[in-house]
C-alpha cells in the first residue's frame, strides 16, 4: 500500500510540474510564435519526405499515389508524383516584387 501511495504522489507531482511549465497557446499564431522563439537559431532550411496520398472519389473508389516532396525555406515547395508512368511536378514559390 505504501508503494502505491508513493507512486500516486509522484505521478501527481509530475503532472503538476509539467502543466505549470506548459505555455497557454490559444491559437495557431501563438503556436508559431512559440516555435519561432524556441528554434529561431537552429530551424531547418530544407526538408524532404515521401508520402502516400489517398484520394477518396465520389463513387466510393479510392486511388493512391506516392508524392515526393521537397521544401526549401522560405516558401519553396516541390511535389513530384509518378502517377500513370508520366512524371508530374507541382512547384510553388512566393511572388517577389
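Tabulated data for the structure shown
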| item | result |
| --- | --- |
| Where a residue in region 19-40 is farther than 26 Å from residue 73 by Cα and its partner, wherever it lies, is modelled with pLDDT of 85 or more and surrounded by 10 or more Cβ atoms within 10 Å (Cβ to Cβ), with Cβ under 7 Å and at least six apart | 23/34 |
| Selected residue (criterion: nearest to residue 81 (Cα to Cα)) from residues of region 40-61 that are within 15 Å of the chain's Cα centre (by Cα) and surrounded by 10 or more Cβ atoms within 10 Å (Cβ to Cβ) | 51 |
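The values are calculated or read from the model by the stated rules, or taken from the named source; none is laboratory data. Remember, predicted model here, so these are calculated numbers, not experimental data. Note that each Cβ is placed from the backbone with ideal geometry, even for glycine, and that neighbours are counted across all protein chains shown.
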